[in-house]
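Student: I have a structure I would like to understand better, so I am pasting it below and will then ask my questions one at a time.
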Amino acid sequence: MNLKLLIPIAFNNPSTVNNAETIILAGDVGGTKANMLLSRYSVNGLETIKEERYTTNDFDSFTAILTHFLEGQQHPDKICFSVAGPVIDGKVKFTNLSWNIDSEEVSRHVGGSPVTILNDLESTAFGLAGLKEQELNVLYKGASETPGNIAILAAGTGLGEAGLFFDGKHYHPFATEGGHSDFAPRSARDIEVLTFLLNRHERVSWERLLSGNGIYTIWQYLTQVEKKEIPGWLLQQMENTDPAPVISKAALEGKCPVCMETIEMFNRYLATEAVNLILKLKATGGLYLAGGIAPKLLSLLNPGTWKDVFNKSGRMSLLLKEVTVYVILNEKAPLLGATYFACLNM
């Protein structure tokens with residue numbers, strides 16, 4: 001039985017399934033949420049048994065979420081989790097969460113079933129296989145369709161980056177921690193932003209600007225350094241809540257000039273780091289924007305900004321003009337990737 005793949009990912013077992021049903025447990029665990037999915041994989045395809053979203057702050061550990069989710073359910077045969085952090089030897093210490101997950105400990109907890117842990121961006125890369133065409137939005141159309149490597153850039157609670165190596169027929173996903181590489185200013189204004197951040201941090205990574213906290217940081221720079229006017233009603237809405245969604249909502253509604261400028265700067269920085277990632281991976285096969293922020297701000301991600309940044313990238317501008325930029329509209333792509341990995345790679 002073949003699962004229909006939008007992008008030909010190099011799975012180990014892409015077309016085989018025995019007559020018996022296989023119960024798949026998949027999860028996507030980030031800094032603020034954990035999406036869990038229990039599925040049945042058979043000759044009839046994938047069927048959802050149970051799906052639930054948890055807030056990580058409501059639980060002391062990942063195993064507590066696991067116990068709650070699996071209560072009264074069938075025993076999973078294969079398990080794969082997407083996690084926000086570097087995975088080494090089946091273990092992860094989260095970047096934006098005070099948890100650790102060990103695949104061997106999880107396996108013992110669920111009765112010995114095999115467990116694989118993937119970095120969330122690697123899992124997103126596997127998830128490209130299962131996306132539908134309508135779940136992709138073309139933000140910037142490249143000049144031609146040139147086969148080659150693919151890059152993934154995901155801004156959310158943090159900033160994730162991954163790649164897919166193209167062997168001429170199939171794509172091989174791999175994780176990186178490129179979101180924690182150094183912020184690189186392009187303009188005099190960018191240098192002022194860097195100076196602003198160096199007064200707070202010993203080192204400034206791209207994640208400091210391309211994340212939920214990054215949106216607030218850009219807003220703070222504009223209001224504290226450039227002295228942009230702050231509406232009183234906006235400050236009231238920011239009290240006792242995460243300011244990034246407030247800024248984003250005000251920008252989307254066109255109600256606050258400094259909020260709109262904040263998102264425009266965010267968009268320009270997103271395009272700038274996209275250029276860096278495309279060049280490092282030679283990603284002529286396209287760049288995919290994943291994570292929770294891009295789909296929500298899609299109407300404000302001005303394609304003209306991307307064209308300007310791509311065109312002003314020096315001697316590599318001709319290569320960059322070839323690359324198409326997509327926005328992944330399905331925020332559950334990492335969960336989908338974990339499910340597909342368990343079905344076709346374990």
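Student: Anything in the range 286-299 that is among the hydroxyl-bearing types (Ser, Thr, Tyr) and in a helix (DSSP H, G or I)? List them, or say none.
Tutor: Correct list: SER299 only.
Student: Is it true that some residue in the range 253-261 is buried (at least 23 other Cβ atoms within 10 Å of the Cβ), under 18 Å from GLY178 (Cα atoms), at pLDDT 95 or above and not polar (S, T, N, Q)?
Tutor: No, there is no match, as no residue in the range 253-261 is buried (at least 23 other Cβ atoms within 10 Å of the Cβ), under 18 Å from GLY178 (Cα atoms), at pLDDT 95 or above and not polar (S, T, N, Q).
Student: Limited to the range 135-189, what total is found for residues that are in a strand (DSSP E or B) and hydroxyl-bearing (Ser, Thr, Tyr)?
Tutor: Going residue by residue through the range 135-189, those that are in a strand (DSSP E or B) are 136-140, 150-155, 159-166, 171-175, 182.
Keeping just the survivors that are hydroxyl-bearing (Ser, Thr, Tyr) gives 140, 171.
Matching residues across the range 135-189 total 2.
Student: Quick check, is SER103 more than 16 Å from GLY30 (Cα to Cα) and either in contact (Cβ under 8 Å) with a residue 24 or more places away in the chain or among the aromatic types (Phe, Trp, Tyr) (or both)?
Tutor: The answer is no for SER103.
Student: Can I ask one more? I'd like to verify a number: residues in the range 300-321 that are polar (S, T, N, Q), in a helix (DSSP H, G or I) and either over 14 Å from GLY142 (Cβ atoms) or under 24 Å from the mean Cα position of the chain (by Cα) (or both), how many?
Tutor: The number of residues fulfilling the criteria is 1.
Student: Let me ask something else. Being at pLDDT below 95 and under 29 Å from ASP28 (Cβ atoms) narrows it down to one residue among ASN213, ASN240; which is it?
Tutor: ASN240
Student: Which is out of contact with any strand residue (DSSP E or B) (no Cβ under 9 Å at 6 or more places or on another chain) and either surrounded by fewer than 16 Cβ atoms within 10 Å (Cβ to Cβ) or within 21 Å of LYS33 (Cα to Cα) (or both), of GLU177, GLU133, GLU104, GLU161?
Tutor: On the way: GLU177 fails: out of contact with any strand residue (DSSP E or B) (no Cβ under 9 Å at 6 or more places or on another chain); GLU104 fails: out of contact with any strand residue (DSSP E or B) (no Cβ under 9 Å at 6 or more places or on another chain); GLU161 fails: out of contact with any strand residue (DSSP E or B) (no Cβ under 9 Å at 6 or more places or on another chain).
Result of the check over GLU177, GLU133, GLU104, GLU161: GLU133.
Student: Could you say whether any residue in the range 206-220 is of a type in the set (Phe, Trp, Tyr), out of contact with any strand residue (DSSP E or B) (no Cβ under 7 Å at 6 or more places or on another chain), buried (at least 21 other Cβ atoms within 10 Å of the Cβ) and in a helix (DSSP H, G or I)? Explain how you work it out, then say what you get.
Tutor: So in the range 206-220, the residues of a type in the set (Phe, Trp, Tyr) come out as 206, 216, 219.
Then keep just the ones that are out of contact with any strand residue (DSSP E or B) (no Cβ under 7 Å at 6 or more places or on another chain); that gives 216, 219.
Subset that is buried (at least 21 other Cβ atoms within 10 Å of the Cβ): 219.
If we keep only those that are in a helix (DSSP H, G or I) as well, we get 219.
The answer is yes; a qualifying residue exists.
The values are calculated or read from the model by the stated rules, or taken from the named source; none is laboratory data. Because the structure is predicted, anything quoted here is derived from the model rather than measured. When we count neighbours, we look across all protein chains shown, and the Cβ atoms used for this are built from the backbone with ideal geometry, even at glycine.
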